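The values are calculated or read from the model by the stated rules, or taken from the named source; none is laboratory data. Treat the numbers as computed from the prediction; the structure is a model and nothing was measured. Neighbour counts run over all protein chains shown; Cβ positions are idealised from the backbone, glycine included.
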Amino acid sequence: MASLNRLRGRWSLPALVVLVALVGAIVVFTRQGDDPVPVSTREAVIDVPESPDSDRTVQIDTTLYLPERTPAPAILLPHGFGGSKASVASQATELAQRGFVVLAYSARGFGRSTGQIALNSLDHEVRDAQKLLDWLATREEVLTDGGGDPKVGVTGGSYGGALALSLAGVDPRVDTIAPVITYNDLAQALLPNSARTDGVDGETPAAGAFADDGVFKRSWAGIFFSAGLSGADATNPGQEAAEPGQDDDSQGLDNAAAAVTAPQQQAGDPRPAGPVNGACGRFQADVCAAYTEVATTGKAGPQTLEVLRRASPSTVTNKITQPTLLVQGEQDTLFGLDQADANARQIAANGAKVKVVWYAGGHDGGSPGPELRGQIADWMEFHLQGRGADPGTGFEYTVVGAFRSSGAPSLRTVVAPSYPGLGGSGATQRRDVPLTGREQVVVNPAGGNPASVSSLPGLGSVVARSSSLSSRLAIDMPGQAAVFQSEPQTAQTLLTGSSTVRLRVAAVPGQPVPADGAVLFVKLYDADANGVRTLPGSAVAPVRVTDLPADGTPVEVTVTLPGAVRPIEADHRLQLVVSTTDMAYANAAEPAAYRVSLAAPELSVPVVPGVNATSEVPVGALWGIAIVLVVCVIAAVVAWFRRRLTADVDPELESVPLVIENLTKSYPGGLTAVKDLSFRVEHGQVLGLLGPNGAGKTTTLRMLMGLIRPTEGGIRVFGHRVSPGAPVLSRIGSFVEGSGFLPHLSGAENLRLYWAATGRPLEQAHVEEALEIAGLGNAVHRRVRTYSQGMRQRLAIAQAMLGLPDLLVLDEPTNGLDPPQIHQMREVLRRYAAAGRTVLVSSHLLAEVEQTCTHVVVMHKGTLVAAGPVDEIATGSGEATFRVDRPEEAATVLRGLAGVHDVHVDGEQVHASLNGTPRATALQALVAAGVAVDQAGPRRRLEDAFLELVGE
Amino acid sequence: MSENGVHTDPAAIADLTDAARAEHSAVAADGSKAGYRAGRTLPVRVELVRQLRRRRTQLVLGFLVLLPFILVVAFELGQASPNRRAGGFVDLATASGVNFVILTLFVSGSFLLPMIVALFFGDTIASEASWSSLKYLLAAPIPRHRLLRRKALASGLMSVFALALLPAVALVVGVVWYGAGEAVSPTGEAASFGAGVYGVALAVVYISIHLFWVAGLALYLSVSTDAPLGAVGGAVLASILSQILDQITALEGLRDYLPTHYALAWADLLSSDVDWSGMAKGTFSALAYGAFFTLLAARKFARKDITS
């Protein structure tokens, strides 16, 4: 056991190091298991007809991503406008890792595919995709629903999302779709008009007016078109939108990495072989002509509208019956929430399952983050394989908090059971917020310049990372804007979707009215108590009021404001601004002035109540908590039982205050402080433990108090073996190696609290008597901090005497006391023992022990040197010492005496064992023999022994 | 007072010996003096008195009362933020009384609160050792496991009191200065004053549980050393180190294993629909670390040679 202890002491540090290393290794090992599953790819070029009845072909460049296990369901992954199959490579890999066969391809006119861009035309791109479905059905890696019908889902962002919708509308082989940030009607996306004279059905939260004769969204359309010309992926948000619960810092790193790698992808994708068609680039002629028309006139003629109609999913959404997950961005001035709203309405009308997700991104904010991509994969997994939980048909939207801590966007996702206004679910709740403001005149400057600013399309993705920056970018030009404002909110309102307001617009009599009608831009600001305004989503609702009577007769229109998600805090105001210009749009060039007022004072604010999305119950953590608690309980129970087993009594020794047997204490360094020490202290004794400093006295006393564990042997007090905290220690009063008091308390309080800590009844303590022994007078009420060494010593001895212990153990009690006090102390100890108690005193002073003790134990270097009554040890068994002038002669005389033996000479001294012969007789014999005796007395063996030891 | 005034009256010796002669109390079966019961030693009340009368404890508690006032003065002096609804915790602090409490907890959460817990737990055994009073308590005898338990309990009570005192004072100060308005959460949600106070109360409970790891570590260090400063400082250093490592994003998922990783998970409580997963993980992490160090401390203290 002892050697085991030593071993433990020596090995505990290395053991700890090994343990930490093991834990680290396990962590690293288990994390290596997270390595992504390998994904293999096959490149293929697939020929498709150039147009429905053409015999010329277009080559579509594809990559097939194969998961670990095939056959598997397939996912068709078209890319965004201006991109190529390379721009979806990472998402394709991710989906393949989830176990899908993924077919990524460059659409015609993009990447290495040949052909011309027809804007997802039903006759061109959609047919290409159908051919790809045919091809997928022939692959043995792909699961099929029947001959020529692969099990396939389609997902894609923006341009790719529109393809997913159109393809699902024309081809029933598609099993499910998940279009992301895409459009319903390209004409409305590029030429929006958010005002109707006949009112808007506001059943769904983000319904747009979708009126004809829209205002040209000049900046975005230009970016869109130039992306087709140059192949630059300008419409791609480029980075991921933030997600709730995401670590902002790692997100930043990911984005930085993405920003670095993106251009390389482009570089590895050399310019295509398709024919270059002058200023039209790779656009088909009719598309190019349509763009040229709107870009130059700002208006769309019937042919252009037909091109845009053919390019819009809205023509086929009435045929989509597949489960559809619509993902739309809240930061999107290109394809706003109203586009997804229209898709949702039209698809749900067919009875199809529709789920809608609005996330904190979009063309201005970023592409879906990993969590949302995972959600899309979950959707595919459920609807293609029937695995996982049913994603249902609910509605989720992300709320970007009103403030950010440490620069990270604070987001939360709210889940509503359904998208309001779809199928059986009720209409959207709308809260009427009264606006006030008199009629105001707004002026359109000639040429539409300078223009108000709402967003910076294209740049949006850069700026929108800091939504506070982008949403405060908005500037209204003075004189061009009419302002209507609400009272401060009394409680928070969570705006969710498109607010509507009814406005009255009239020409100023005498001023010309433009032939194209009045162009106005309506925006809804969130203004805080200090007047700082925020434009949610940086979006603006363009309005064209045609046929405005020149005589000043007003026209009333219902305006649908851009869809947004924004918590309007208490104390904030809603501010409706109607301006005549906006940088992002084709403004009216003719100078004009209009009178604008509220037709109805209410702003109708949509609210969709829901619960915050919470991650699933943290089962692992709860189990962990339970396990930790159980382990603690087990540890406590085991410790309790082990303590029960330590009691050890020897009934025969119950009346013996102290028995020490073979006591040994060695320390790991090899030092042995006490070695094989054995002695007894009987009742009523005052035992002195004598030895020089370092003899092991204090160590022995510490073992007696249960403070340190003996290496071997044991101590019994009144028959009970001493162990740390053994109950029998309550019969011992001790003072070992200095006092121990709380310096901030007075002496009296120290004793009182010490006794209270023992938990014993106060009447047993005899505090008064003990304090009298200490004799500190009024000093007992001073803080111990102020005491001298001697005062502390006396207080400590008084503390040891509290409760009148049966065995009083004092270590060097007279150190630091002055002679009268030492004298008194001896008196105390003697009389205390006489009163039926036992006292054990250690000292390094012989005189001390001789004068105080009845018995003595002499120790040196941890071993017992001598033990017995003080007299006996001091006098020996009848030994005498004579100091004489002629020692040899004296020795001879003494040897001659009867019974005297063991005579030897030591310098001037002669020692002899008289063995019963009185010392006086021996003295007489010596004197008679003529030896001069200088001194005669008992031989002082204790002193000899002690001096011998100390003298070393 | 000079040494000369200190003396024992001869009558006192007679009193003592008379008392000793008169009293021969019975002995219980376990060898203890009648009246002694291990289960009654070191009542928590006594330990609390011993600790609460220390100037150090009083200063810490006094500082906690003072801190909200200092913050208010700071806000009153600096009018830097014209917008009280945007920006970080700090800018939001003056939105309402509850927001002020949240700020107070936020600014004190990373250093002050762990330090206070480390102080109460790290100092408790080590300071007794440094005063040499530990050996007398153990020889009283107070069983070692019981001494550790009682002291930990007293330290825990004081820590919880301190952790509750700070937000309580901050709430009073906040309500007086900034009113009992709606609390605005980091995600822009608004909660009524009552709900806000309830959330803050739960946050204090979570913080108390989460700091268990600091308590465990400080207790372990406290039984390992005779230097109170070493024990307290060691625990605080460990907390700081963990926070530094938590900033190193390259560690990615490994940071989840850091004891301070979930220190601010209580912020989830401020939303209307509470996400408990972060707090559950934080509780698990804190309990696991805390229990590990506490058991280690108990084991070490039970086997240790007391030499101070």
Here is a check on your reading of the model: is A:LEU817 surrounded by 16 or more Cβ atoms within 10 Å (Cβ to Cβ), in contact with a helix residue (DSSP H, G or I) (Cβ under 6 Å, 6 or more places away or on another chain), at the interface with another protein chain (Cβ under 8 Å from one of its Cβ atoms) and assigned to a loop (DSSP other than H, G, I, E, B)? no
Of the numbered conditions (1) in a helix (DSSP H, G or I); (2) in contact (Cβ under 8 Å) with a residue 12 or more places away in the chain; (3) out of contact with any Phe, Trp or Tyr (no Cβ under 9 Å at 6 or more places or on another chain), B:GLN243 fails exactly one; give the number of that condition. (3)
Out of B:LEU52, B:LEU64, B:LEU92, B:LEU71, I need the residue that is farther than 17 Å from B:ALA267 by Cβ, within 12 Å of another protein chain (Cβ to nearest Cβ) and either in contact with a Phe, Trp or Tyr (Cβ under 9 Å, 6 or more places away or on another chain) or at pLDDT 90 or above (or both). Which one? B:LEU52
Checking A:HIS720 against (1) surrounded by 23 or more Cβ atoms within 10 Å (Cβ to Cβ); (2) modelled with pLDDT of 90 or more; (3) under 51 Å from the mean Cα position of the chain (by Cα), only one condition comes out false. Which one? (3)
Given the criteria out of contact with any His (no Cβ under 7 Å at 6 or more places or on another chain), modelled with pLDDT under 95 and part of a helix (DSSP H, G or I), does B:ALA215 qualify? no
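Which one of A:ARG345, A:ARG387, A:ARG373, A:ARG430 is basic (Lys, Arg) and without any contact (Cβ under 8 Å) to a residue 12 or more places away in the chain?
A:ARG387
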Does the range A:486-498 contain at least one residue that is modelled with pLDDT of 75 or more and in contact with a His (Cβ under 7 Å, 6 or more places away or on another chain)? yes
Keeping to the range A:608-625, report how many residues are at pLDDT 90 or above and more than 20 Å from the chain's Cα centre (by Cα). 0
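Looking at the range B:240-255, is at least one residue within 30 Å of A:THR699 (Cβ to Cβ) and either surrounded by fewer than 21 Cβ atoms within 10 Å (Cβ to Cβ) or facing another protein chain (nearest Cβ under 10 Å) (or both)?
No: zero hits.
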B:ALA168: without any contact (Cβ under 8 Å) to a residue 40 or more places away in the chain, hydrophobic (A, V, I, L, M, F, W, C) and either under 22 Å from B:LEU71 (Cα atoms) or outside any helix (DSSP H, G or I) (or both), yes or no? yes
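One line per residue, one yes/no per condition, for (1) under 30 Å from B:ASP9 (Cβ atoms); (2) touching a residue at least 24 places away in the same chain (Cβ under 8 Å):
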site	(1), (2)
A:GLN821	yes, yes
A:ARG826	yes, yes
A:ALA834	yes, yes
A:VAL839	yes, yes
A:VAL858	no, yes
A:GLU872	no, no
A:THR881	no, yes
A:GLU888	no, no
Could you look through the range A:574-585, keep only residues that are buried (at least 24 other Cβ atoms within 10 Å of the Cβ) and part of a loop (DSSP other than H, G, I, E, B), and pick out the one that is modelled with the lowest pLDDT? A:ALA584
Here are the criteria: (1) surrounded by 24 or more Cβ atoms within 10 Å (Cβ to Cβ); (2) more than 41 Å from the chain's Cα centre (by Cα); (3) at positive phi. Tell me which single one A:LEU167 does not satisfy. (3)
Scan the range A:767-778 residue by residue and report those that are at the interface with another protein chain (Cβ under 8 Å from one of its Cβ atoms) and under 19 Å from A:PRO813 (Cβ atoms). A:GLU769, A:ALA770, A:GLU772, A:ILE773, A:ALA774, A:GLY775, A:LEU776
Matching residues in the range A:48-83 - criterion: being in contact with a strand residue (DSSP E or B) (Cβ under 8 Å, 6 or more places away or on another chain) and among the charged types (D, E, K, R): A:GLU50, A:ASP55, A:ARG56, A:ASP61
Tally up the residues in the range A:783-807 that are out of contact with any Lys or Arg (no Cβ under 8 Å at 6 or more places or on another chain) and either facing another protein chain (nearest Cβ under 8 Å) or among the small types (Gly, Ala, Ser) (or both), please. 9
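Listed here are the residues, each with its yes/no results for (1) crowded, with 17+ Cβ neighbours inside 10 Å; (2) under 29 Å from A:LYS675 (Cβ atoms).
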site: A:GLU850; (1), (2): yes, yes
site: A:GLY862; (1), (2): yes, yes
site: A:ASP871; (1), (2): no, yes
site: A:GLU889; (1), (2): no, no
site: A:THR892; (1), (2): no, no
site: A:GLN924; (1), (2): no, no
site: A:VAL931; (1), (2): yes, no
site: A:ALA936; (1), (2): no, no
Taking the range A:725-766 and the residues there that are facing another protein chain (nearest Cβ under 8 Å) and of a type in the set (Phe, Trp, Tyr), the one that is surrounded by the fewest Cβ atoms within 10 Å (Cβ to Cβ) would be A:TYR754
Looking at A:GLY706, is it facing chain B (nearest Cβ under 9 Å), part of a loop (DSSP other than H, G, I, E, B), on the phi < 0 side of the Ramachandran plot and not aromatic (Phe, Trp, Tyr)? no
If you check B:LEU157, B:LEU211, B:LEU221, B:LEU165, which single one turns out to be away from every other protein chain (no Cβ under 11 Å) and either among the acidic types (Asp, Glu) or under 25 Å from B:SER277 (Cα atoms) (or both)? B:LEU211
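Could you pull out the residue among B:ALA26, B:ALA38 that is more than 7 Å from chain A (Cβ to nearest Cβ) and modelled with pLDDT of 80 or more? If you could, list the steps in order and put the result at the bottom.
Details: B:ALA38 fails: more than 7 Å from chain A (Cβ to nearest Cβ).
Step by step, each of B:ALA26, B:ALA38 is checked, and only B:ALA26 is more than 7 Å from chain A (Cβ to nearest Cβ) and modelled with pLDDT of 80 or more.
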The residue that is modelled with the lowest pLDDT, considering only those in the range B:1-23 that are more than 16 Å from A:ALA770 (Cβ to Cβ) and at the interface with another protein chain (Cβ under 7 Å from one of its Cβ atoms), is B:MET1
Applying the selection to the range A:649-667, what residues are surrounded by 18 or more Cβ atoms within 10 Å (Cβ to Cβ) and among the hydrophobic types (A, V, I, L, M, F, W, C)? A:LEU658, A:VAL659, A:ILE660, A:LEU663
Select, from A:LEU372, A:LEU305, A:LEU326, the only residue that is part of a strand (DSSP E or B) and assigned by TED's automatic domain parsing to the domain that holds A:VAL152. A:LEU326
Do we find that A:ALA866 is within 14 Å of another protein chain (Cβ to nearest Cβ), among the hydrophobic types (A, V, I, L, M, F, W, C) and under 21 Å from A:HIS683 (Cα atoms) in this structure? no
Cβ-Cβ under 9 Å pairs, at least 6 apart or on other chains, the range B:295-308 side within 7 Å of another protein chain (Cβ to nearest Cβ) and touching a residue at least 40 places away in the same chain (Cβ under 8 Å), far side among the aromatic types (Phe, Trp, Tyr) and crowded, with 17+ Cβ neighbours inside 10 Å: none
Name the residues in the range A:627-642 that are surrounded by 12 or more Cβ atoms within 10 Å (Cβ to Cβ) and more than 15 Å from B:GLY290 (Cβ to Cβ), would you? A:ALA639
